[in-house]
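One structure below.
The values are calculated or read from the model by the stated rules, or taken from the named source; none is laboratory data. Values in this document were obtained by computation on a predicted structure and should not be read as measured data. Virtual Cβ from ideal backbone geometry, glycine too; neighbours counted across all protein chains shown. Protein only, heavy atoms only, side chains kept; ligands, DNA and RNA dropped before computing areas. Shrake-Rupley method; radii C 1.70, N 1.55, O 1.52, S 1.80 Å.
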Amino acid sequence: MNLILMGAPGAGKGTHAKGISERYSIPHISTGDILRDEVAKGSELGKTAKSYMDDGKLLPDDIIIEIVKQRLKEDDCKSGFLFDGFPRTIVQAKKLEGIADIEAVIYLKCDDEILLKRLTGRRMTDDGRIYNVYFDPPPPGVEVYQRDDDNEETIRERLKIFYETFAPIMDFYKQRGVFHEIRGDEEREVVFRNILSILEDI
Ligand code: AP5
């Protein structure tokens, strides 16, 4: 199954991608995670990525498309994949069309005030678990960190860019009949159930 999980920053893409990926045995491909790994390694790509990410800006399309093309060549993508954070521009969506057929795009819709609270409260572990100081605090003794781009100023810029770029991508996938919208600001279990009910019909 070739899937895309879309939503504004903090909509719950990373949270739900893990469960979908396990259930359908497809890799979770987060362009944000790939870039953060490169930043942690201190590679040339990582240095370039950091300058954009710290400001809440998108990286140039050609860099992202090349990353995705290489990732899709890996063996684990043969039976499908789940994108999280890609495509983010209409250019990326059109390029992807020449590379893979997308069966479903699920958009998690959330109000901005909730997104802001989720992102300022988000805490992560090194092995990819996601917690939230307001909604799902990390258990005592679990070491967590806060993403560099989860400060209010950068979050507002990320949200602004999301709303500037999202509409044409939504229209593009609506025209192809694969776009599904659900609320992302309900209880976690409810959101996940709603995602599965869409996927079970595919
Ligand atoms: P990226 O890593 O993709 O970040 P993002 O889109 O800003 O999304 P987030 O990871 O912040 O949010 P999420 O939806 O995964 O939320 P989560 O599940 O953690 O991109 C980062 C940067 O990389 C970009 O700004 C850009 O610079 C660059 N980049 C990446 N891809 C790119 C591309 N394609 N093109 C160009 N540049 C690119 O949830 C958030 C919090 O809410 C958590 O604490 C969670 O516990 C909580 N939560 C989630 N769901 C619920 C719920 N139902 N109830 C209560 N709490 C919940």
Reported set for the stretch 179-202 where residues are more than 17 Å from the chain's Cα centre (by Cα), open to solvent by 20 Å² or more (accessible area, probe 1.4 Å) and away from the ligand (no atom under 14 Å from the Cβ) is Ser197, Ile198, Glu200, Asp201, Ile202
Determine which member of the set Asp127, Asp171 is assigned to a helix (DSSP H, G or I) and either charged (D, E, K, R) or surrounded by fewer than 12 Cβ atoms within 10 Å (Cβ to Cβ) (or both). Asp171
Give the residues of the stretch 141-166 that are surrounded by 14 or more Cβ atoms within 10 Å (Cβ to Cβ), more than 9 Å from the ligand (Cβ to nearest atom) and assigned to a loop (DSSP other than H, G, I, E, B), sorted by residue number. Val144, Gln146, Asn151
Within the group Ser30, Ser21, which residue is crowded, with 16+ Cβ neighbours inside 10 Å and near the ligand (Cβ under 7 Å from one of its atoms)? Ser30
What pairs can you find where one residue is in the stretch 99-112 and of a type in the set (D, E, K, R), the other is assigned to a strand (DSSP E or B), and their Cβ atoms are less than 8 Å apart, with a gap of 6+ or different chains? Asp101/Asn2; Glu103/Asn2; Glu103/Leu3; Lys109/Gly7; Lys109/Glu181; Lys109/Ile182; Lys109/Arg183
Residue match in the stretch 68-78 (condition: within 11 Å of the ligand (Cβ to nearest atom) and in contact (Cβ under 8 Å) with a residue 60 or more places away in the chain): no
How many residues of the stretch 99-115 are more than 9 Å from the ligand (Cβ to nearest atom) and open to solvent by less than 20 Å² (accessible area, probe 1.4 Å)? The answer is 5
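Does the stretch 106-119 contain at least one residue that is within 22 Å of Leu58 (Cβ to Cβ), more than 19 Å from the chain's Cα centre (by Cα) and outside any strand (DSSP E or B)? Please lay out each step first, then the result.
If we filter the stretch 106-119 for residues that are within 22 Å of Leu58 (Cβ to Cβ), which is where we start, we get 106-110, 112, 115-116, 118-119.
With more than 19 Å from the chain's Cα centre (by Cα) added as a condition, the list becomes none.
There is no residue in the stretch 106-119 that is within 22 Å of Leu58 (Cβ to Cβ), more than 19 Å from the chain's Cα centre (by Cα) and outside any strand (DSSP E or B).
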Out of everything in the stretch 33-58 that is within 12 Å of the ligand (Cβ to nearest atom) and small (Gly, Ala, Ser), what residue ends up being nearest to Gly7 (Cα to Cα)? Gly56
Qualifying residue in the stretch 89-96 (condition: open to solvent by 40 Å² or more (accessible area, probe 1.4 Å), under 26 Å from Val178 (Cα atoms), within 11 Å of the ligand (Cβ to nearest atom) and of a type outside the set (D, E, K, R)): yes
